[in-house]
Ligand SMILES: NC(=O)c1ccc[n+]([C@@H]2O[C@H](COP(=O)([O-])OP(=O)(O)OC[C@H]3O[C@@H](n4cnc5c(N)ncnc54)[C@H](O)[C@@H]3O)[C@@H](O)[C@H]2O)c1
């Protein structure tokens, strides 16, 4: 069929999820025609409800472990549960989503000659001996642990992307996303930012694992979306992988204390044993993102947390 308009058509898999819904918002704001595909495993219609009447937006319920036949120019492949609670719920399905999902979306990209971006993860570095982690560090991942369905699934997806690139000349972009937070995170997914905020708002004890001295680096979702769009906009020679994250490192104890301050909560801190394979430190080296994408995070932790606290207040009161 002849196109009725010249707008670029972009597929976002996992578009009803936390990051995906913000990406859909941004693309629509940029005047792009968006096809959002999701099986609603962890995604939520409320995340995209405000887009449903928009003529640039289309929603399709589909599981990426099955082939998809659509006409698009670009694909952002985000479909995959991202938090341990969700990805460990059905670990076999998690690996299938990453691996079969990648094969299906790469197959689609090959058929329609689309450029495809993979939302990979800092988890490909496992529990790293190198700190911060540059992209050429190949990681220290346990292949048989309870996190492996996610970590190894994402690693295999990267392998597939680079093999499609080498073997079929596909235009690929791989970004490795580090911990991201913001409005529309799931309230009960066990991720530290949402855990702490919900516990603080409900006046429950704030649970820290180990001694609370392990560090994480948190990127606000708007910054991540900037990085994703910048990566998609690079020329065909840029494949990545490129780390996208905020290098500002905080201990979990500091995060808990900041959350208490911003919520005005009187919750107490309690300490639980460390879960299996929990990385001690995680911080992106974003030299490549700075140099190749001209990208760096702009939103500091306190400002981003304020927005996130406001969101959780709203949904907990609803
Ligand atoms: N949020 C982070 O900190 C972070 C960090 C690293 C990587 N990532 C990656 O970014 C992507 C988005 O993460 P998120 O935090 O928005 O998670 P999320 O769970 O909110 O979103 C994932 C989306 O994918 C959908 N989905 C899951 N399995 C599917 C399937 N088989 N078919 C179709 N849709 C499916 C879910 O319903 C959901 O809408 C994921 O690929 C994740 O691995 C996120």
Strands (runs of 3 or more DSSP E) wholly in the range 238-308 with at least 1 residues that are closer than 22 Å to residue 182 by Cα - which ones?
242-244, 249-251
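Residue by residue, here is whether (1) out of contact with any strand residue (DSSP E or B) (no Cβ under 7 Å at 6 or more places or on another chain); (2) surrounded by fewer than 19 Cβ atoms within 10 Å (Cβ to Cβ); (3) modelled with pLDDT of 95 or more holds:
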| site | (1), (2), (3) |
| --- | --- |
| 22 | yes, no, yes |
| 27 | no, no, yes |
| 49 | yes, yes, yes |
| 57 | no, no, yes |
| 65 | yes, yes, yes |
| 75 | no, no, yes |
| 80 | yes, no, yes |
Test: residue in the range 212-222 that is away from the ligand (no atom under 16 Å from the Cβ), more than 19 Å from the chain's Cα centre (by Cα), free of Cβ contacts under 8 Å to residues at least 40 places away in the same chain and closer than 29 Å to residue 119 by Cα
no
Of all residues being within 15 Å of the ligand (Cβ to nearest atom) and in a loop (DSSP other than H, G, I, E, B) in the range 29-47, which is surrounded by the fewest Cβ atoms within 10 Å (Cβ to Cβ)? Just the residue, please.
40
Filter pass, residue 138 being surrounded by 20 or more Cβ atoms within 10 Å (Cβ to Cβ) and either closer than 29 Å to residue 315 by Cα or free of Cβ contacts under 8 Å to residues at least 24 places away in the same chain (or both):
no
Just to check your reading of the model, which residue among 254, 249 is at pLDDT 95 or above, away from the ligand (no atom under 13 Å from the Cβ) and farther than 27 Å from residue 21 by Cβ?
254
Test: residue 11 is at pLDDT 95 or above and within 15 Å of the ligand (Cβ to nearest atom)
yes
Of the residues that make up the range 206-226, is at least one under 30 Å from residue 270 (Cβ atoms), out of contact with any strand residue (DSSP E or B) (no Cβ under 6 Å at 6 or more places or on another chain) and surrounded by fewer than 17 Cβ atoms within 10 Å (Cβ to Cβ)?
yes
For a quick check of your reading: which helices (runs of 4 or more DSSP H) sit entirely within the range 71-184 and have at least 2 residues that are away from the ligand (no atom under 13 Å from the Cβ) and over 18 Å from residue 15 (Cβ atoms)?
91-112, 148-168
For the range 192-211, check the following and say yes or no: at least one residue is within 15 Å of the chain's Cα centre (by Cα), more than 12 Å from the ligand (Cβ to nearest atom) and farther than 24 Å from residue 104 by Cβ.
no
Does any residue in the range 152-168 that is in contact (Cβ under 8 Å) with a residue 12 or more places away in the chain and on the phi < 0 side of the Ramachandran plot come within less than 7 Å, Cβ to Cβ, of a residue that is more than 16 Å from the ligand (Cβ to nearest atom) and part of a helix (DSSP H, G or I) six or more places away or on a different chain, and which pairs are these?
164/110; 168/110
By residue number, the members of the range 233-248 that are within 22 Å of the chain's Cα centre (by Cα) and either in contact (Cβ under 8 Å) with a residue 60 or more places away in the chain or crowded, with 19+ Cβ neighbours inside 10 Å (or both) are 234, 238, 239, 240, 241, 242, 243, 244, 245, 246, 247
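The values are calculated or read from the model by the stated rules, or taken from the named source; none is laboratory data. A quick note: this is a predicted structure, and the numbers were derived from the prediction, not measured. Cβ atoms come from the backbone with ideal geometry, glycine included; neighbour counts cover every protein chain shown.
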